[in-house]
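Enquirer: One structure follows; several queries about it will come next.
Each reported figure results from applying straightforward, stated rules to the coordinates on display, with no laboratory input. Everything quoted here is computed from the prediction, not taken from an experiment. Because the Cβ atoms are built from the backbone with ideal geometry, glycine has one as well, and the counts that use them run over all protein chains shown.
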Amino acid sequence: MTGSKEKLETYYSEMEEGKLLHLAKYEFGDLDFDAKETLKSELAKRGLLGGKTLFLINRQEDEPDDIEVKSIAVHIQSQICPHCKKRKMSNAWVLPRRVGLVIFMLRQEELIFGCKDCVERKLRNRMLVSIFTLIPSIFFPLIPFFVVSDLALRKDIRESSEDIPSPDLLENIRRNIKTYRDLLF
Ligand SMILES: [Zn+2]
């Protein structure tokens, strides 16, 4: 394996800064020992191994713990709603999107951040799009089921507490913990 360390050194020394940082923040845990050491020394050489990058590298292989997830959620909930810019963000929910295309149906789920009013409005708009595009499609018999499920979701949103992070938000934070750590710390 002689020379592999040199190859690594050359590889990282030629890598552009953004890529190097991305590797450090998001993929460090997947590297082998030599690659980790070489990457760290290249970052240090360029003066990029500062507090935040080092923190992210060190936390990289840690699973998110409940306290960390909760504190990120509370931070998100204290932001202003990105849609109306008036109320507190309060939460995030996964909303379905269904669009009928005669014999096809596009289905997508998306986490939407916002205050209750704005998220409810988005859900209502998606419901209307779903109904109007599914009526002329072969999927029209499914419309009542979608309506029932959307109305149940709307009820959940309306009745949820603004102080308790929704399960959707907590799940999203857990799944994308590296991104959230990078954004918030
Ligand atoms: Zn709003």
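Enquirer: Which are the unpartnered cysteines of the chain, meaning those with no other cysteine Cβ under 4.7 Å from their Cβ?
Expert: Here Cys84, Cys118 come out as lacking a disulfide-compatible partner, given the Cβ-Cβ threshold of under 4.7 Å.
Enquirer: Quick one: longest stretch of the chain between exposed loop trypsin sites (Lys or Arg not before Pro), exposed meaning at most 15 other C-beta atoms within 10 Å and loop per DSSP?
Expert: Looking at the chain, 88-185 is the longest stretch - no exposed trypsin sites (Lys or Arg not before Pro) with at most 15 other Cβ atoms within 10 Å.
Enquirer: Now for a separate question. Ratio of the range 118-185's C-alpha Rg to 2.2 N^0.38 Å, to two decimals?
Expert: Compactness ratio reported: 1.48.
Enquirer: Now a separate question. As a check on your grasp of the helix formula, calculate [θ] at 222 nm for the chain: sum -39500 (n - 2.57) over DSSP H runs of n ≥ 4, divide by the residue count, round to the nearest 500.
Expert: Using -39500 (n - 2.57) per qualifying helix, the result is -17000 deg cm²/dmol.
Enquirer: Put a dot 7 Å past each Cα toward the Cβ at Asn176 and Val99; how far apart are the dots in nm?
Expert: It works out to 2.1 nm between the two label points.
Enquirer: Once amide H atoms are placed 1.01 Å from N in the peptide plane, what residues at a sequence separation of 5 or more from Asn91, or on another chain, have their amide H within under 5 Å of its amide H?
Expert: Counting only residues 5 or more places away or on other chains, the set is Gly114.
Enquirer: Read phi for every residue in the range 131-148 and hand back ³J(HN,Hα) as whole Hz from Karplus 6.51 cos²θ - 1.76 cosθ + 1.60, θ = phi - 60°, with x for Gly and Pro.
Expert: With coefficients 6.51, -1.76 and 1.60, one gets 4, 5, 8, 8, 3, x, 10, 6, 8, 4, x, 7, 3, x, 5, 5, 4, 4 Hz.
Enquirer: Relative to the compact globular guide of 2.2 N^0.38 Å, what is the alpha carbon radius of gyration of the chain, as a ratio?
Expert: Rg over 2.2 N^0.38 Å, computed on Cα atoms: 1.40.
Enquirer: For Ile57, what charge total do you get from the other residues with a beta carbon under 12 Å from its beta carbon, if Lys and Arg give +1 and Asp and Glu give -1?
Expert: Summing Lys/Arg as +1 and Asp/Glu as -1 gives +2.
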